[in-house]
1. Averaged per residue, what accessible area in Å² does the chain show with a 1.4 Å probe, protein chains only?
2. List the relative contact order of the chain as a percent without decimals, with contacts defined as Cα pairs under 8 Å and 6+ residues apart.
3. Enter the accessible area of Met435 (Å², nearest 10), with the probe set to 1.4 Å and all protein chains included.
4. What nm distance separates the two modelled labels at Asn411 and Asp425, each placed 7 Å from Cα along Cα→Cβ?
5. Averaged over all directions, how much area does the convex hull of the C-alpha atoms of the range 325-484 cover when projected, in nm²?
6. Aspartates and glutamates near Lys242 by alpha-carbon distance under 13 Å, same-chain residues fewer than 8 away left out - which ones?
7. Under the rule of -39500 (n - 2.57) per DSSP H run of 4 or more residues, summed and divided by the residues of the chain, what mean residue ellipticity at 222 nm is obtained, to the nearest 500 deg cm²/dmol?
8. Round to the nearest 0.05 the FRET efficiency obtained for Asp455 and Ala379 when R0 = 41 Å and r is the Cβ-Cβ distance.
Amino acid sequence: MIHISDVKRYKRCQRLYYLDQDQATVYQPYLRHDEELTKLVVDYLGIDGYYIGQRGDAPERVIKELNDHEWFVKARFAYDDLRIKVPLLHKVRDGYELYFVMYAPFPKDEDVEFYRDNLWVLRENGIKITKVYIVHLNGEYVRDKDLDLKKLFVVSDHLYHQGRPSIKLDDLIDDGYDLSDILARMKKGSLAQHPPIKRRRCKLRGLCDFYAQCFPQVLPDNSIEFLVSSAKKDQMINEGIKYLKDARIDLIEGTRVQYAQIQADRNGGSYHDDLALSKWLASFKDKTLVFIDFEWETYMIPPYRGLRPYEHVPFQYSMHMLKKDGTLTHREFIQTGDCREDFIRSLLKDVPKDAYLIAYNAKGAEMLRLSELKRQFEAYAPFIDELLSRFIDMAYPFQEGLVYDTKMRGNFSVKSLVKVVSDMDYEELAISSGMDAVYKWRLLDLNDKYVDLDDVKKDLSAYCSLDSYSLYLIYKWLLDLMAT
Ligand code: SF4
């Protein structure tokens, strides 16, 4: 049996589809949704007495029951070995209305093939679709005490392009689309017929999971492959340029980071802009410094008052505080459930009034989380604003090309930097990534009886502590760099 996600994979890259067939991956959702979305949509539309499909249903089951129901929920259909699950079908006088259910506030037109694939299977099953809708989330909805389904959902009859209406779904109903050829090729083909070829698709919407497997390489730290934000890097590689120091000046964009990378290679591995870096460090060197890191959960459906769809609940922070006398102390917070207000209170208690807060990518992470909390808990707004005014972004010297070491290999994440500046390594921890931390915290939050929750708490603490301690190590490394 072929699933619709297989078709999507095959269309992106045939090799990807066959590689994925060999892997048994455990799906872990990035977004948390404890509620069953289709069930909420059923309530939203006020549907009663419907056919409901089950996992593993034979496709004939729904066909046999077509005459017995008005509404069909999660019905399984199949054609030519392609299996689909249709969220909602509504029988009307001259056919069926089809409702897709999407998690996104704006269902994107770049996913149009998904809708076409579904419509093709239904067409081949003789299901005459008269109208197509998408029920999706209203990104502007703010939850009050109870979830208001009428405000949470929106029904559209079109897809969106950059937040604006684009393709009309009804135009896809009889557009002559035919999947037969693709399915035949999927069934006949094999991995051996599709050798790896490096193309744009390999890095489309993030690096392909099989990139290292397709293109195994042991690259030196100063490889031109690590040149960042370079549109013509592949051209240089094809011309035989191997190292950063040999980059063609007429083929680079000339950003400060690229300059730092090329200079570092020319200098034997390291570069820093002495003047700019010392000026930046001097702006906060004599203060108490709080190196801080947050962890948070992202909810698709807002579970608590004041949250919007896709908003976050910070559940943990770790801070390493460096006093002017050089002493370093550690504090942390971790809680489950709706701990947002406790999080704010604890933070305000733990951070001294005169301290500067140092986070990594602060504007896109810690500061953003605090701004969300400020909107949700207006009484704390003045205090949060005051905290926000004391943030410093540790990513600045790296993202602005003030410093580069070829050992960074074009990667400026905290996890990568800490390996350059110390012998610490996240891989040695039971939790080694932010998403891992979220998955583990979910066990704690849901009070999972199959795991040792004390151990989970210790692992979470070790992970978040390493994040804030890494920031301290990176800071010390920058100071040492200036001293040499
Ligand atoms: S890395 Fe590229 S060639 Fe390999 S499976 Fe992914 S998309 Fe296909």
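1. Heavy-atom accessible area per residue stands at 51 Å².
2. Details: 717 pairs, mean separation 60.9, N = 484.
With pairs under 8 Å counted, the relative contact order is 13 percent.
3. Its accessible surface works out to 60 Å², give or take rounding.
4. 1.2
5. 11.0
6. By straight Cα distance, Lys242 reaches Asp221, Glu225, Asp234, Asp265.
7. Helix contribution divided over all residues of the chain: -10500 deg cm²/dmol.
8. On the way: r = 37 Å, r/R0 = 0.89.
With R0 = 41 Å, the Cβ-Cβ based efficiency is 0.65.
The values are calculated or read from the model by the stated rules, or taken from the named source; none is laboratory data. Fair warning: this is a prediction, and the values are worked out from it, not measured in the lab. Glycine gets a Cβ as well: all are built from the backbone with ideal geometry, and neighbour counts include every protein chain shown. Accessible surface is based on the protein model in full, side chains and every heavy atom, while ligands, DNA and RNA are left aside. Shrake-Rupley method; radii C 1.70, N 1.55, O 1.52, S 1.80 Å.
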